[in-house]
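Taking it in order: structure first as structure tokens, then the write-up.
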Amino acid sequence: MYYIGIDLGGTNIAVGVVDSEGRIIAKAETPTLAQRPYQDVIRDMALCTKRAIENAKISEDEVASIGIGIPGVAIDGVIVFCTNLGWHDIPMEAEFRKYIDKPVFMDNDATVAGWAEHQAGVSRGTNSSVFLTLGTGVGGGIVLNGKIWAGEHGAGSEIGHTVLVAGGDLCTCGKRGCTERYCSASAIIRMAKEACAKNPENAIMTAVNGDPEKINAKIVFDAAKAGDPVALDVFDKYAHYLALAVNNVISFFDPDMIILGGGVSRAGDFLLNGVKDRLPEYLFYPTLKQPELRLASLGNDAGIIGAALLGQ
Ligand SMILES: [Zn+2]
């Protein structure tokens, strides 16, 4: 049998046909156009799924289930909310089954990415892991005792919205000082802009031809890797915050493995080692065996794979 994985994003809907080993055998994509009525978005999700099934050269009868990773919280087939789609109480399963009548499983996008790594990626074979997605925001995906843990009410892995700096930067969630405001790609850009405003003679500003609006996380990391002192300062600050966030995860869960994923993790070993170097400062039981800190291995496909394997 095959499993459909749908990565529902604010901009794009990506669908994959996944086999029981977690391999994607075919894909299809369509724009989300999120401002439309939800019925239209769900219809396009179903049509895109039919295209992916066609691309895989299999029949709908060979599909066991539909899995959807959503940027929000879902309970019992209903999306409780998806903030960046402006959705509340959307009957996703009932609506989707009008087009393809298969069981529908849903979970948060960071949760499914963590599940993908546990089932088919870097944390395969571990008993417990915490996945941190470092993108525009910061998400968390928790696997405990080989099972997804999303809390009793669906909000148990919102690691990005634990407060890291009391009274700190204002977050989209309304609180101040959330981990997301210090450990996301947006945080790197904000810190780099602040550093460039104070000290504009640096490799970041050269890379963006003097236009700070063009700064992204990769430019900052590349300049830091090349040894630019201003960029290294930004990286140092960022790695310090991320080490604090990782330490909070260790204090709370003490899992086998903590995985860094999302766009920022493309900085690779430079980032991984930057965090590892700073961790010992914060560890509470430094003599105990510590969780392994690793980079995600499935990249952008984790969303599709993890969603698909929800139904396995
Ligand atoms: Zn927040």
* Structure shown: which of K193/K225; K198/K237; K50/K102; K147/K276; K27/K50; K193/K214 lie over 20 Å apart, alpha-carbon to alpha-carbon? -> K147/K276
* To do: Mind sorting R294, R43, R181 by how few other Cβ atoms lie within 10 Å of their own Cβ, fewest first?
  => R43, R294, R181
* Structure fact -> Least to most buried among L310, L244, by other C-beta atoms within 10 Å and fewest first, runs L244, L310
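Would you mind counting up the charge near D228? Only other residues with Cβ under 13 Å from its Cβ, with Lys and Arg at +1 and Asp and Glu at -1.
Every neighbour counted, the sum reads -3.
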* Asked: Does the chain come out rounded, prolate or oblate, given a ≥ b ≥ c as the square roots of the eigenvalues of its C-alpha gyration tensor, rounded meaning a/c under 1.5 and, failing that, prolate meaning a/b above b/c?
  -> prolate
* Structure fact -> Highest mean packing first, using Cβ neighbours within 10 angstrom, the peptides 211-217, 286-292 sort as 211-217, 286-292
* Net lengthening on full extension, Y99/L272 (0.36 nm per residue, minus Cα-Cα) -> 57.9 nm
* Asked: Order of H240, H118 from fewest to most other C-beta atoms within 10 Å?
  -> H240, H118
* To do: Calculate how many DSSP beta bridges within region 126-296 are antiparallel, expressed in % of all such bridges and rounded to the nearest 5.
  => 55
* **Additional length obtainable on full extension of the chain from E60 to T30, 0.36 nm per residue less Cα span** => 8.9 nm
* Dipole axis of region 126-296 (+1 Lys, Arg; -1 Asp, Glu on Cβ), positive-most option in C178, S157, T206 -> S157
* **Computed E for K214/D236 - FRET, C-beta separation, R0 25 angstrom, nearest 0.05** => 0.65
* **Estimated dipole of the chain in Debye, rounded to 20 [Cβ of Lys and Arg +1, of Asp and Glu -1, Cα centre]** => 320
* Could you give the size of the charge dipole of region 1-138 about its Cα centre, using +1 on the Cβ of each K and R and -1 on the Cβ of each D and E, expressed in debye and rounded to the nearest 20? => 220
* Can you tell which of I66, P31, V17 lies farthest toward the positive end of the dipole of the chain, using +1 and -1 charges on the Cβ of basic and acidic side chains (Lys, Arg; Asp, Glu)? -> P31
* **Prolate/oblate/rounded call for region 146-230, Cα gyration tensor, a/c under 1.5 rounded** => prolate
* Please provide three numbers in whole Å: the alpha-carbon extents of region 88-226 along the principal axes, with the largest listed first. => 58, 36, 35
* Please report the orientation-averaged projected area of region 126-296, defined via the convex hull of its C-alpha atoms, in nm². => 10.2
* Within the chain, what percent of beta bridges assigned by DSSP are antiparallel, to the nearest 5? -> 60
* Asked: To the nearest 20 debye, what is the magnitude of the charge dipole of region 126-296 about its Cα centre, counting +1 on the Cβ of each Lys and Arg and -1 on the Cβ of each Asp and Glu?
  -> 160
* Counting other Cβ atoms within 10 Å, which GluC sites (Glu not before Pro) in region 152-196 have at most 11 and lie in a DSSP loop? -> E152
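Throughout, read-outs are computed from the coordinates displayed, never taken from laboratory work. Computed from a prediction, not measured in an experiment: that's the story for all the values here. Every residue, glycine as well, gets a Cβ built from its backbone with ideal geometry; the counts of neighbours run over all protein chains shown.
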